[in-house]
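For reference, the structure is listed below as structure tokens.
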Amino acid sequence: MRTNLSRGTTALAVAATALVLAGCGSSGSSAAKSGSTGGSGGSSSSGSSGGSGGKVTLTYVNWDGGMQAAVDQWNKENPDIQVQLSKPAGTGYTLYNKLITNNAAGTNPDVTEVEYQALPALIANKVIVPIDKYVGDISADFDKASLSQVQFEGKTYGVPQNTCPMVFFYRKDIFDQLGLKPPTTWDEYAADAAAVHAKNPKQYIGNFSAVDSGWFAGLAQQAGANWWTTSGTTWKVAIDDAPTQKVANYWSDLITKGLVSPEPNWSPQWNTEMNDGTIIGWVSAQWAPNQLPSIAKDTAGKWVAAPLPAWSAGDPTVGIWGGETEAVTANSKHPAEAAKFVKWLNSSPEGVKILIEQAAAFPASLANQSQEALKTPPPFMSNQADYNTLIAAQAKNTRTFQVWGPNANVTFDAYSNGFAAALQNKTPLSAALTQMQQATVDDLKKRGFSVAG
């Protein structure tokens, strides 16, 4: 369930046509425009809301573990709509590029997994289609932040599957030894970082990761950033806005003072340091307990989650890192049946229970956030019985961008390149924001989008 956008991406062939994307964000997002979103490529889906009337077989692509259990349960309950699951050759934008290429040939699956950040690009390329007439009004079961990830121009392109609020994980045993409590504000985090490093110059409260663009985006969201907004048919890009500058300058200061490790997430060295207690905290998201066994295998039961530190004391706002939905492709000849499966998977008690137990998801579906399955903490954090209660509380206060841009992958590549260079050259991180801004704007203009400024 962790987003793969954080690991670096390849160039995505975003169409040069205009695309209208009106997000339904919590602050009332404006229309993000770029042309028709309802078209289809290749073998156009022309099914009606009534379905095909006979037995159909749907193809479904998903890279997450545990999804076969969900498919098996669906197939058992729906003998006339059978689903065949396959894993793609690649995840993230490797898959999305293939979907775009195959769209014209009509060879895409009926249903595909899509991370929230990538939906606008697939809409722009007419790879996926709206499913409103098949799933009906789903607004009562999801909060505005979740709905804003899948609704554009008043159309619904998926049923939100999971929500991934950012939280702070820390080694409680070591914090207790140091007489520290989890920081509640970013000022406290900086003070604790200094205290940890003063006690042991080889130990750090956490790290700054130059390879995780989704991580940084979530921190910018918490601070109030909106990297993409629109007015009419014109995009505005504000990656170097004041909130994002604040986040970059904050981490620059910690890095300059040597108070956080510059070792990136997922590197062998970072894994070692997370396992041996050199790094005793991790700013991460809901899915982290599912990753910790492969990161810090010897530390089961030692990690505890706490709310993400706030910029202002008492402010519960948090950003997200990760999350996904399933989308019905334009190539599907059975869109009604495909949408029925998507809705069942992400909002029915049966489907969501399997997602919780098999894929470690925290459901975006409000009705399913009190499921019995969530009363059991993740195995690696069995000491924190209220883990999912904490996540549920944080999920109520998530803040996302009003809309993701149709070339988010270009932005994320620029992040990895610019921030890695800044760390290597010991230059301010804020300079990398300028590079991200310029790369994103240049790419949008190159592809024919109208861009302000």
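Throughout, read-outs are computed from the coordinates displayed, never taken from laboratory work. Quick caveat: nothing in here was measured; it's all calculated off a predicted structure. Positions of Cβ are generated from backbone atoms using ideal geometry, with glycine treated the same way; all protein chains shown enter the neighbour counts.
On a straight-distance basis, which aspartates and glutamates could pair with Lys396 in a cross-link, Cα separation under 15 angstrom, same-chain partners fewer than 8 positions away excluded?
The qualifying aspartates and glutamates are Asp141, Asp143, Asp315.
For a Förster distance of 25 Å, can you work out the FRET efficiency between the beta-carbons of Ser231 and Asn425, rounded to the nearest 0.05?
Efficiency for this residue pair is about 0.10.
How large is the Rg to Rh ratio of the range 412-453 when both quantities use alpha carbon positions and Rh follows Kirkwood?
That ratio equals 1.09.
Measure nothing fancy, just the Cα-based angle from helix 213-223's long axis to the longest principal axis of the chain, in degrees from 0 to 90, nearest 10.
Tilt of helix 213-223: around 80 degrees.
Mind checking the full-extension length gain between Gln177 and Thr57? Use 0.36 nm per residue of separation minus the Cα-Cα distance, one decimal, nm.
Gain on extension, Gln177 to Thr57, equals 37.4 nm.
Give me the number: length gained by fully extending Ala300 to Trp266, i.e. 0.36 nm times residue separation minus the C-alpha to C-alpha distance, one decimal in nm.
Value of the extension gain: 10.4 nm.
Per q in 0.19, 0.20 Å⁻¹, report the Debye log10 I(q)/I(0) for the range 200-308, using one uniform scatterer on each alpha carbon and no solvent.
-1.02, -1.10
In nm, give the distance between the simple-model label positions of Glu372 and Asn249, each being 7 Å from the Cα along the Cα-to-Cβ direction.
5.3 nm
Based solely on C-alpha atoms, express the radius of gyration and the Dmax of the chain in angstrom.
When restricted to Cα atoms, the chain yields Rg and Dmax of 21.5, 70 Å.
Roughly speaking, what is the centre-to-centre gap between the range 122-199 and the range 351-430 when only Cα atoms are used, to the nearest Å?
4 Å
Could you work out the relative contact order of the chain, using alpha carbon pairs under 8 angstrom and six or more residues apart, expressed as a whole percent?
29 percent.
Fewest first, what order do Leu119, Leu259, Leu85 take by the number of other Cβ atoms within 10 Å?
Ranking Leu119, Leu259, Leu85 by Cβ neighbours within 10 Å, fewest first, gives Leu85, Leu259, Leu119.
Kindly work out what percent of the DSSP beta bridges joining two residues of the chain are antiparallel, to the nearest 5.
65 percent
Place a +1 charge on the Cβ of each Lys and Arg in the chain and a -1 charge on the Cβ of each Asp and Glu, then give the dipole magnitude about the Cα centre in debye, rounded to the nearest 20.
Around 580 debye, computed over the chain.
If I stretch the segment between Lys333 and Ala242 completely, what's the gain in nm (0.36 nm per residue apart, minus their alpha carbon distance), one decimal?
28.1 nm
Starting from a Cα-only point model with no solvent, please compute log10 I(q)/I(0) by Debye for the range 153-206 at q = 0.17, 0.31 1/Å.
Reported log10 I(q)/I(0), two decimals: -0.59, -1.34.
Within 10 Å of each residue's Cβ, count the other Cβ atoms and sort Lys202, Lys236 from fewest upward.
Lys202, Lys236
Beyond a 20 Å Cα-Cα separation, which of these cross-linked pairs lie in this structure: Lys246/Lys426; Lys87/Lys297; Lys133/Lys333?
Lys87/Lys297
Between Thr185 and Asp442, what is the spin-label point distance in nm, taking each point 7 Å from the Cα along the Cα→C-beta axis?
Each label point lies 7 Å from its Cα, and together they span 4.0 nm.
Hey, which lysines would be in cross-link range of Lys445, C-alpha to C-alpha under 22 Å, not counting anything within fewer than 8 residues on its own chain?
Within reach: Lys33, Lys126, Lys236.
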